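Scroll down for the structure; my scribbles are underneath it.
Readers should treat all values here as calculations from the given coordinates under stated rules, not as data from a laboratory. Computed from a predicted structure; not experimentally measured. Because the Cβ atoms are built from the backbone with ideal geometry, glycine has one as well, and the counts that use them run over all protein chains shown.
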Amino acid sequence: FDKTAYWQDIDQAHHIHPFTDTADLNNRGTRVITRAEGVFIEDSNGKRYLDGMAGLWCVNVGYGRKELAEVAYKQMLELPYYNNFFQCANTPAIELSKVLAEITPDGLNHVFYANSGSEANDTVVRMVRQYWKLKGTPERSVIISRKNAYHGSTVAGSSLGGMAGMHAQGGPLLPDVVHIDQPYWYGEGGDHTPEEFGLIAARKLEEKIEELGADRVGAFIGEPIQGAGGVIIPPSTYWPEIQRICKKYDILLIADEVICGFGRTGAWFGSDTFDIKPDLMPMAKGMSSGYLPISAVMVGDRVADVLINECGEFTHGFTYSGHPACAAVALENIRILRDEKMVERVKDDIGPYFAKALKTLEDHPLVGAVETVGLIAGMPLVDDKKTRKMFDKPGTVGTICRDACVANGVIMRACGDRMVLSPPLCITKEEIDELVKRARAAFDETAKKIGK
Ligand code: PLP
């Protein structure tokens with residue numbers, strides 16, 4: 001009995017995969033993942049892979065943490081479900097609110113729960129628009145985002161996102177969302193220094209506000225580091241200038257921390273790393289290390305004061321907002337991050353080691369640069385290192401390289417032709433060495449395949 005073939009047949013007959021070309025899937029056969037431990041995942045044929053992506057940028061504490069399973073089990077026996085609507089609340093959700101207020105930047109003292117990053121961003125859109133409505137200026141409904149941003153797959157999430165491929169599918173987008181250029185120096189910075197280009201990219205926000213009229217613009221949204229866009233780390237000048245512009249025009253600043261949050265950048269949040277002072281902060285993924293689905297929007301005092309005191313009932317919520325088992329797992333996950341000093345370890349020890357080890361790949365003819373912050377990295381595969389010229393058909397070389405990584409037992413993602421990494425925060429130095437070794441083998445195979 002071929003277990004793998006059994007699962008593959010059923011999968012292909014009935015399962016619609018997210019972000020997957022079905023013809024391609026059927027051609028290659030589904031890779032059925034059956035178990036995981038630490039930073040390794042294993043498929044149904046027993047092949048092990050070093051998971052350089054922590055699942056989808058989310059398994060921050062690593063796989064196989066029994067404490068998380070145990071708190072979920074205990075909570076499910078005690079109170080498997082009760083909602084937080086109307087006058088009710090469950091105790092894990094209450095406790096988690098306090099802990100989130102403690103670990104997030106100053107001034108973010110209130111939390112609204114949802115189940116995914118996409119839902120958190122939908123919530124943000126409704127909050128922004130309701131805020132300005134309550135302030136007597138409902139026409140400030142425009143939200144400015146960036147090209148190549150990723151904010152989720154719901155209608156609001158995909159509209160906020162700046163992925164051309166997503167905009168082309170699924171019908172009309174949400175109105176009053178506009179996009180400016182991203183701060184992508186390597187690909188778009190031309191002859192400017194990164195610092196100059198950071199200012200140029202940030203000032204696109206000011207230009208857009210002037211074009212639309214400040215009385216129409218309600219908020220700007222950005223990931224501190226664009227994740228799915230290819231780990232685009234903004235130049236140091238970018239966020240301070242964005243902050244200045246938002247302040248000048250009295251525009252709400254939304255930092256989408258779905259990837260950057262919970263230690264990824266070597267601080268609790270990307271906003272800490274880049275000194276961003278957001279009014280609203282959606283988060284998900286690392287909040288529970290992906291063990292159960294939970295997300296949240298941290299709401300700053302400015303917005304909370306209006307939404308809480310002047311709105312009456314904010315008609316918004318999900319059946320599972322603050323689900324007790326998910327909240328209990330998130331609490332335990334944060335306890336692990338805190339007690340094991342994982343965030344400090346990313347900043348002071350394993351993050352610098354990761355950067356140094358990966359940098360050794362910069363001598364590879366395909367690798368244009370190795371860009372890292374904490375435990376997140378982006379590496380453009382390039383046609384010409386000197387001129388930073390990318391390949392003509394974006395994504396082709398990246399896909400070849402991604403497949404070569406899988407063949408070499410390491411999970412790396414290709415965002416177009418940028419290879420990205422976001423391993424579990426518990427990764428050891430030996431595992432990083434192993435990751436780099438396997439990545440180099442994959443890059444070599446890719447170069448050979450494309451005749452470089
Ligand atoms: N925002 C960012 C920055 C993300 O990277 C993602 C997912 O990758 C989302 C939002 C959407 O989160 P979810 O897939 O949980 O809906």
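Please work out the Cα center distance from segment 268-334 to segment 119-163, rounded to the nearest Å.
Segment 268-334 and segment 119-163 have Cα centres separated by 16 Å.
Considering the chain, what Rg and Dmax in Å follow from its alpha-carbon atoms?
21.8, 67
Between segment 58-102 and segment 385-410, how far is it from one alpha carbon centroid to the other, in angstrom?
Each part's Cα centre sits 40 Å from the other's.
L252's amide H: which non-local residues (gap 5+, or another chain) put their own amide H closer than 5 Å, with H modeled 1.01 Å from N in plane and none for Pro or chain starts?
HN-HN under 5 Å from L252: A219, F220.
Of the DSSP beta bridges with both residues in the chain, give the percent that are antiparallel, rounding to the nearest 5.
70 percent
Could you work out the relative contact order of the chain, using alpha carbon pairs under 8 angstrom and six or more residues apart, expressed as a whole percent?
Averaging sequence separation for qualifying contacts and normalising by length gives 20 percent for the chain.
So what is Rg over Rh here for segment 62-124, counting just Cα atoms and using Kirkwood for Rh?
Result for segment 62-124 is an Rg/Rh of 1.00.
First check a/c for segment 332-400, with a ≥ b ≥ c the square roots of the eigenvalues of its C-alpha gyration tensor; if it is under 1.5, answer rounded, and if not, answer prolate when a/b is larger than b/c or oblate otherwise.
Prolate shape, in that a/c is at least 1.5 and a/b is the bigger ratio.
For K448 paired with R335, estimate the spin-label separation in nm (one decimal), with each label point 7 Å from Cα along the Cα-to-Cβ line.
Here the answer is 5.0 nm between the modelled labels.
Counting other Cβ atoms within 10 Å of each Cβ, which trypsin sites (Lys or Arg not before Pro) in segment 307-389 have at most 10 and sit in a DSSP loop?
K386
In Å and whole numbers, how far do the C-alpha atoms of segment 196-327 stretch along each principal axis, longest first?
Principal-axis extents of segment 196-327 (Cα, largest first): 47, 37, 21 Å.
Once the dipole of the chain is set up with Lys and Arg at +1 and Asp and Glu at -1 on Cβ about the Cα centre, which of T4, S271, W239 lies farthest towards its positive end?
Of T4, S271, W239, it is T4.
Which of I200, I232, I33 has the fewest other C-beta atoms within 10 Å, and how do the rest follow up to the most?
I33, I200, I232
Could you run the Debye sum over the Cα atoms of segment 301-438, one equal point scatterer each and no solvent, and tell me log10 of I(q)/I(0) at q = 0.16 Å⁻¹, two decimals?
With no solvent term, the Cα-only Debye profile gives -0.89.
For every helix of n ≥ 4 consecutive DSSP H residues, a contribution of -39,500 (n - 2.57) applies; sum these over the chain, divide by its total residues, and give [θ] at 222 nm rounded to the nearest 500 deg cm²/dmol.
After summing the helix terms and dividing by residue count, I get -12500 deg cm²/dmol.
Please list, short to long, the whole-number percent of alpha-carbon pairs of segment 412-452 in consecutive 5 angstrom bins beginning at zero.
Whole-percent P(r) values from 0 Å outward: 6, 19, 23, 26, 15, 7, 3, 0.
Residue by residue through segment 147-158, what is 3J(HN,Hα) from phi via Karplus (6.51 cos²θ - 1.76 cosθ + 1.60, θ = phi - 60°)? Round to whole Hz and write x for glycine and proline.
Those phi angles translate into 4, 6, 7, 10, 10, x, 10, 5, 4, 5, x, 6 Hz.
Say each of H167 and I94 gets a label point 7 Å from the Cα, pointing the same way as Cα to Cβ; how far apart are those two points in nm?
Going by the 7 Å Cα→Cβ label model, 4.6 nm.
Rg to Rh for segment 254-362: what is it, with Cα atoms only and Rh by Kirkwood?
In segment 254-362, Rg relative to Rh is 1.06.
State the dimensionless ratio Rg/Rh of segment 1-158 (Rg: radius of gyration of Cα atoms; Rh: Kirkwood radius).
Value, to two decimals: 1.04.
Just to confirm the filter: which GluC sites (Glu not before Pro) across segment 312-403 are DSSP coil and have at most 10 other Cβ within 10 angstrom of their Cβ?
Filter output for segment 312-403: E313.
Can you give me the long-range amide H partners of G261? Hydrogens built in the peptide plane at 1.01 Å from N, cutoff under 5 Å, separation of 5 or more residues or another chain.
Amide H to amide H, under 5 Å and 5 or more residues apart or across chains, G261 pairs with G270.
Is there a quick way to get the dipole size of the chain? I mean about its Cα centre, with the Cβ of Lys and Arg at +1 and of Asp and Glu at -1; what is the value in debye to the nearest 20?
Dipole about the Cα centre, nearest 20: 560 debye.
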